[in-house]
Amino acid sequence: MSGPDTDPKSLLVIGHQWPEPEATAAGVRMLWLLKGFLQKDFQVVFACAAGPGDYRVDLGKLGITEVGIQMNDSSFDRFLQKHEFSHVLFDRFLTEEQFGWRVRDNLPGAQILLDTEDLHSLRHSREDAIRKGGEWSVSGWVEHPLFYREIASMFRSDLNLIISKHEMELLQAQIPHLQEKLVYLPFGMDAPVNVPGISFQNRSNFVFLGNGKHLPNLDAIAQLKSEIWPLIRKRLPEAVLQIYGAYLPNQILQMDAPAEGFQVKGWAPELQPVLNNTRLLLAPLRFGAGIKGKILKAAAFGLPVMGTSAGFEGIMEKHEALSFVADSAQHFAEKAVELYTDPVGWERALKLQEQAAGVHLYTSFETLSRAMDSYPERREALPQETRLIQNLLQNEAFGRLRYLSRWIEAKEKGKN
């Protein structure tokens with residue numbers, strides 16, 4: 001797959017954002033991936049067109065080169081020609097749309113990887129269904145405008161990293177021609193080391209975790225404030241709910257109401273003391289996709305979660321039979337109070353969640369490494385229909401992004 005002058009272990013990662021593992025689950029996932037590539041002796045360069053976030057991790061300390069790049073600019077072509085990477089990893093399909101055609105033009109022999117993080121089209125179609133007051137359906141997903149863009153990006157890529165088993169099953173059922181391009185790679189995060197187990201009796205109160213740039217989190221906080229927390233507080237008048245998260249917008253910060261036991265704390269540089277002493281994490285997520293990092297993090301710290309079927313999707317099956325899953329505000333509040341006051345039920349929920357989370361907390365990078373090594377054989381095994389679709393979507397006649405980018409670049413230069 002690599003050219004004659006290309007280092008066979010050189011990787012370019014094109015990030016949608018700079019990794020912020022202390023602020024976002026996506027940052028945790030990306031940092032885990034980067035460490036995996038380093039352990040496999042890859043020379044890694046992380047490039048990003050976005051500005052630095054407030055909680056950006058210093059990748060240079062890991063031995064990773066950081067490079068700022070520009071969209072719709074030929075300087076990126078020259079950058080690629082200079083380095084000749086053997087592998088390129090796109091962080092979400094949006095970066096593949098923006099930079100993929102330039103990568104293929106300049107690095108025709110590179111192996112192209114796409115980390116989907118979650119299926120954006122799935123998340124947005126579910127959000128649309130909630131906003132319209134209807135039920136989500138598979139047909140609504142495949143008819144969503146983002147669906148075509150995301151699937152096209154996946155066909156153009158050599159290997160697609162899928163974080164959720166549920167999403168693997170959806171893709172296999174709806175687009176069987178993608179089968180040989182899919183790699184199930186669970187969330188991946190560094191599990192806390194030697195976290196002391198704090199007993200039920202020595203814990204108290206509730207917590208919510210979620211960054212404010214993620215719409216499912218904002219919706220969940222609003223649900224807690226207006227519908228769920230008043231019901232819990234009525235049963236547990238001394239209880240407190242603390243809301244933690246980076247980038248919380250003003251409308252969330254203004255929900256802070258200590259007299260009601262609803263405390264908006266914002267970002268915390270160290271969550272271990274919070275999670276070690278809280279009795280229950282509330283996650284009333286009504287929509288979303290992928291795997292919820294907050295649920296994995298809570299399980300790693302011995303803290304059970306009261307969640308929804310959307311929240312536990314890809315982590316646990318048969319949601320309706322679980323004592324810690326509910327999708328209506330009334331049932332959610334009732335089950336949360338039961339878990340909070342029942343040490344036996346609390347312990348049972350924690351054990352089930354810890355077991356399910358282990359698939360992601362202790363997943364192995366070897367799964368991806370083997371898929372990359374075996375890709376030449378996988379490529380040869382691609383069905384003819386898959387090859388046709390891939391070639392069709394990479395064909396010059398379908399290069400609208402290429403020509404749009406060239407037009408924007410020419411227009412910007414014309415201003416100077």
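Return the total of residues in segment 27-50 being assigned to a helix (DSSP H, G or I), in contact with a Gly (Cβ under 8 Å, 6 or more places away or on another chain) and either of a type in the set (D, E, K, R) or open to solvent by 10 Å² or more (accessible area, probe 1.4 Å) (or both). Let's see the steps before the verdict.
If we filter segment 27-50 for residues that are assigned to a helix (DSSP H, G or I), which is where we start, we get 27-39.
Adding the requirement that they be in contact with a Gly (Cβ under 8 Å, 6 or more places away or on another chain) leaves 28-30, 32-33, 36, 38.
Retained after the next criterion (residues that are either of a type in the set (D, E, K, R) or open to solvent by 10 Å² or more (accessible area, probe 1.4 Å) (or both)): 28-29, 32, 38.
Of the residues in that region, 4 qualify.
Would you call H166 in a helix (DSSP H, G or I) and over 20 Å from the mean Cα position of the chain (by Cα)?
Values: in a helix (DSSP H, G or I): yes; over 20 Å from the mean Cα position of the chain (by Cα): no.
So H166 does not fit the description; no.
Tell me, which residue of segment 89-145 that is among the hydroxyl-bearing types (S, T, Y) and not in a loop (DSSP other than H, G, I, E, B) is farthest from H166 (Cα to Cα)?
If we filter segment 89-145 for residues that are among the hydroxyl-bearing types (S, T, Y), which is where we start, we get 95, 116, 121, 125, 137, 139.
Retained after the next criterion (residues that are not in a loop (DSSP other than H, G, I, E, B)): 95, 121, 125, 139.
Values: T95: 24, S121: 14, S125: 16, S139: 16 Å.
Restricting to residues being among the hydroxyl-bearing types (S, T, Y) and not in a loop (DSSP other than H, G, I, E, B), the top hit is T95.
Of the numbered conditions (1) touching a residue at least 60 places away in the same chain (Cβ under 8 Å); (2) outside any helix (DSSP H, G or I); (3) surrounded by fewer than 18 Cβ atoms within 10 Å (Cβ to Cβ), T363 satisfies every one except a single condition; which is it?
Among (1) touching a residue at least 60 places away in the same chain (Cβ under 8 Å); (2) outside any helix (DSSP H, G or I); (3) surrounded by fewer than 18 Cβ atoms within 10 Å (Cβ to Cβ), the lone unmet condition for T363 is (3).
Given the conditions (1) of a type outside the set (V, I, T); (2) open to solvent by 10 Å² or more (accessible area, probe 1.4 Å); (3) on the phi < 0 side of the Ramachandran plot, and given that L178 satisfies all but one, which numbered condition is not satisfied?
Condition (2) is where L178 drops out.
Tell me, yes or no, whether segment 331-345 has at least one residue that is among the charged types (D, E, K, R), within 22 Å of the chain's Cα centre (by Cα) and either surrounded by fewer than 24 Cβ atoms within 10 Å (Cβ to Cβ) or at pLDDT 95 or above (or both).
Kept after step one, since they are among the charged types (D, E, K, R), are these residues of segment 331-345: 334-335, 338, 342.
Filter once more, so that each one left must be within 22 Å of the chain's Cα centre (by Cα): none.
Scanning segment 331-345, I find no residue that is among the charged types (D, E, K, R), within 22 Å of the chain's Cα centre (by Cα) and either surrounded by fewer than 24 Cβ atoms within 10 Å (Cβ to Cβ) or at pLDDT 95 or above (or both), so the answer is no.
Is there any pair linking a residue in segment 265-291 that is on the phi < 0 side of the Ramachandran plot to one that is in a helix (DSSP H, G or I) and hydroxyl-bearing (S, T, Y), with Cβ under 7 Å and at least six apart or on different chains, and which?
R279/Y340; L280/Y340
Name the residue that is farthest from E260 (Cα to Cα), counting only residues in segment 206-217 that are open to solvent by less than 40 Å² (accessible area, probe 1.4 Å) and in a helix (DSSP H, G or I). If you could, list the steps in order and put the result at the bottom.
Initially, segment 206-217 is screened for residues open to solvent by less than 40 Å² (accessible area, probe 1.4 Å), giving 206-212, 216-217.
From the residues that got through so far, the ones that are in a helix (DSSP H, G or I) too are 216-217.
Values: P216: 23, N217: 21 Å.
Filtering first and then ranking leaves P216.
Look through A268, A257 and report the one residue that is more than 28 Å from the chain's Cα centre (by Cα) and either open to solvent by less than 80 Å² (accessible area, probe 1.4 Å) or small (G, A, S) (or both).
Values: A268 fails: more than 28 Å from the chain's Cα centre (by Cα).
Result: A257 is the single residue among A268, A257 that is more than 28 Å from the chain's Cα centre (by Cα) and either open to solvent by less than 80 Å² (accessible area, probe 1.4 Å) or small (G, A, S) (or both).
Okay, residues lined up against (1) of a type in the set (D, E, K, R); (2) under 22 Å from D105 (Cβ atoms); (3) modelled with pLDDT of 85 or more:
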| site | (1), (2), (3) |
| --- | --- |
| R378 | yes, no, yes |
| I389 | no, yes, yes |
| F398 | no, yes, no |
| L404 | no, yes, no |
| I408 | no, yes, no |
| E412 | yes, yes, no |
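When you scan segment 51-86, how many residues do you find that are of a type in the set (D, E), open to solvent by 50 Å² or more (accessible area, probe 1.4 Å) and modelled with pLDDT under 95? Can you show your working first?
Step one: list which residues in segment 51-86 are of a type in the set (D, E), which gives 54, 58, 66, 73, 77, 84.
Filter once more, so that each one left must be open to solvent by 50 Å² or more (accessible area, probe 1.4 Å): 54, 58, 66, 84.
Filter once more, keeping what is modelled with pLDDT under 95: 54, 84.
Selection size over segment 51-86: 2.
In segment 132-152, which residues are under 22 Å from the mean Cα position of the chain (by Cα), charged (D, E, K, R) and either over 22 Å from P176 (Cβ atoms) or modelled with pLDDT under 95 (or both)? Write out each step before concluding.
So in segment 132-152, the residues under 22 Å from the mean Cα position of the chain (by Cα) come out as 136-138, 140-142, 144-152.
Now narrow it down to the ones that are charged (D, E, K, R): 149-150.
Answer for segment 132-152, where residues must be under 22 Å from the mean Cα position of the chain (by Cα), charged (D, E, K, R) and either over 22 Å from P176 (Cβ atoms) or modelled with pLDDT under 95 (or both): just R149.
For A220, which of the numbered conditions (1) among the small types (G, A, S); (2) outside any helix (DSSP H, G or I); (3) touching a residue at least 60 places away in the same chain (Cβ under 8 Å) fails to hold?
Against the list (1) among the small types (G, A, S); (2) outside any helix (DSSP H, G or I); (3) touching a residue at least 60 places away in the same chain (Cβ under 8 Å), A220 comes up short only on (2).
The values are calculated or read from the model by the stated rules, or taken from the named source; none is laboratory data. No experiment lies behind these values; they were computed from the predicted model shown. So basically every Cβ, Gly included, is an ideal-geometry build from the backbone, and we count neighbours across all protein chains shown. Side chains are part of the model used for accessible areas, which takes the heavy atoms of the whole protein and leaves out ligands, DNA and RNA. Shrake-Rupley method; radii C 1.70, N 1.55, O 1.52, S 1.80 Å.
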